[in-house]
Every structure is written in structure tokens, then in C-alpha cells.
1. Restricting to segment 95-113, name every residue that is among the small types (Gly, Ala, Ser), open to solvent by 10 Å² or more (accessible area, probe 1.4 Å) and under 23 Å from Asp214 (Cα atoms).
2. Sort out which residues of segment 117-136 are under 26 Å from Pro32 (Cβ atoms), free of Cβ contacts under 8 Å to residues at least 40 places away in the same chain and open to solvent by less than 70 Å² (accessible area, probe 1.4 Å), and write them in order of number.
3. Working carefully through the options Ala104, Ala139, Ala87, find the one that is free of Cβ contacts under 8 Å to residues at least 60 places away in the same chain, under 27 Å from Asp68 (Cα atoms) and of a type in the set (Gly, Ala, Ser).
4. Among the residues of segment 17-67, count how many are in contact with a helix residue (DSSP H, G or I) (Cβ under 7 Å, 6 or more places away or on another chain) and surrounded by fewer than 17 Cβ atoms within 10 Å (Cβ to Cβ).
5. Please tell me if Tyr13 is open to solvent by 10 Å² or more (accessible area, probe 1.4 Å) and modelled with pLDDT of 95 or more.
6. Checking Ala73 against (1) in contact with a Gly (Cβ under 7 Å, 6 or more places away or on another chain); (2) assigned to a strand (DSSP E or B), only one condition comes out false. Which one?
7. Return the residues of segment 165-188 that are of a type in the set (D, E, K, R) and more than 15 Å from Leu15 (Cβ to Cβ); say none if nothing qualifies.
8. Which residues, taken from segment 174-218, are of a type in the set (Ser, Thr, Tyr) and either within 30 Å of His160 (Cα to Cα) or loosely packed, with under 14 Cβ neighbours inside 10 Å (or both)?
Amino acid sequence: MPNAYSGESVDIYDLLVGGDEAAQKVAQKYLPYVRNKRVIDIGTGTGDVLRRWSNYAESVVAMDNSPDMLNEASKHALPHHVSLREADFLTSLRVHGSFDLALASRGSLMCVTSISEFTSAIKNVREVLRPGGVLIFEAYSFGVYTSLLQESEIPFNHNHLTGRMVLRRDRDILHVTTHVDESPAGSLDVTETVLFLGANHIINAVEAQGFSLDPIETTFSRGESAFDTYNFVVA
């Protein structure tokens, strides 16, 4: 079963995560933070969100560990101050200088298989942020997905896609399998495996790596979004 970040899944990834409207909504949330800032975009994917805010930043390094995703991102026009880079946040990010802001949308920082991997990822991000720098990331909403786990399957019909989503939880790991019946890429199954933690566990893990939570800018979904948004400042 292919994952959501490679092969033919990439062709429909933007539709799977909500299409243009969803990408614009995420980008709009970031605009107040990216203006005239040096930004590192972690897990940029196809760049559908990046393209909507990158004009406002001073510079951007957009990274992903999926060559297929980066290839798709490279097909779209990006400002000259944006560079795409293949990198894995579980190792040193290997970037020069320091950044004002690190962004990780749509749960990209949660694409790990243990709390220790998550801690390593946060540590590596911390190393490239300047003193007072900001980390903003989205995590799969614990409240929303805990409720969804009560359903055996969740049908969908949107953005020219039809199918169903099946969720399975194994301790701190959430498995999300999307069965697509009809799409521009045909019929296929895609899967995501992510770390699934409550807010207190996430906050404690991040703060242990030298960050301080900004409680005003941190928001938790009440069902209007699949993600909670965390805002931290380098302590």
C-alpha cells in the first residue's frame, strides 16, 4: 500500500488534504508570522501552502524527505528567494545560518514512529532557529481524531474524490488509510502513520528541547479543522 508522500499518491495529494481552499486557509494563518522573516518550511510537500505565503518572506528554505513531493513542488513558479531541499528532520538539517521561523503544516512533524523520534526532530529544528525564534506546527487534533476513531469508516465525496477513510490507533501511533474509489489518478489506497499525542505530552516534549509555549497563539480544533496549531518560542 503506497504512502501519501510518494508515487501516484502525490498526483492527488493536494485534493486529499482539501484542495485550494484548504491550502489558502493554512497560508492565511501564517501570513502574520512570515513577513520579512527567514523561514524554514519543514515538510513542504507539493508546496501548495508555501506558494501562497512565500512572497511575503525574506527567504525560505523549503524541505521534504520525499523526492516525489519536491519534484511536484518544483513544477510551480516560486520566488527567487525560495529554495527546495531534500532533507530529513530526524538528522541534522544541514542549513547555513539561522532562521527566524520554522513552520510545519499538516502534521508533518508528527510523521514519526515514537516520542524519541519526535524529540530528535524538535532538537534538530531548535538548532537552526535564532534566539527568540518561533516554531509553529500543526499536529493531528487529539480531540477530533479520538472522536473519529469511534467510527468504523468515514466516507467522503469532495474535490473530485470519492472513497472512505479508516482509522486505527496503536498506543501512540495513528494509522490513517484512505481508500480512494475514484480520482484523477484512478483507484488507490494511501496510508499515513503518525505520532498521536495529547496536548500535554506534546508541550512537555517540545519545551524540554528549549522552547516555551505561547498559549495565546496556540489553538485547538473544535471540529472545524483536523489539526491543532502549536506556537512555541525559543526560550
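The values are calculated or read from the model by the stated rules, or taken from the named source; none is laboratory data. These numbers come from a predicted model, not from an experiment. Please note: Cβ atoms are built from the backbone with ideal geometry, for glycine as well, and neighbour counts cover all protein chains shown. The accessibility values were calculated without ligands, DNA or RNA, using every heavy atom of the protein model including side chains. Shrake-Rupley method; radii C 1.70, N 1.55, O 1.52, S 1.80 Å.
1. Ser98, Ser105, Ser108
2. Scanning segment 117-136 gives Ala121, Asn124.
3. Ala87
4. The total comes to 3.
5. no
6. Just one mismatch for Ala73, condition (2).
7. Correct list: Arg168, Arg169, Asp170, Arg171, Asp172.
8. Thr177, Thr178, Ser183, Ser187, Thr191, Thr193, Ser212 - these are the residues of segment 174-218 that are of a type in the set (Ser, Thr, Tyr) and either within 30 Å of His160 (Cα to Cα) or loosely packed, with under 14 Cβ neighbours inside 10 Å (or both).
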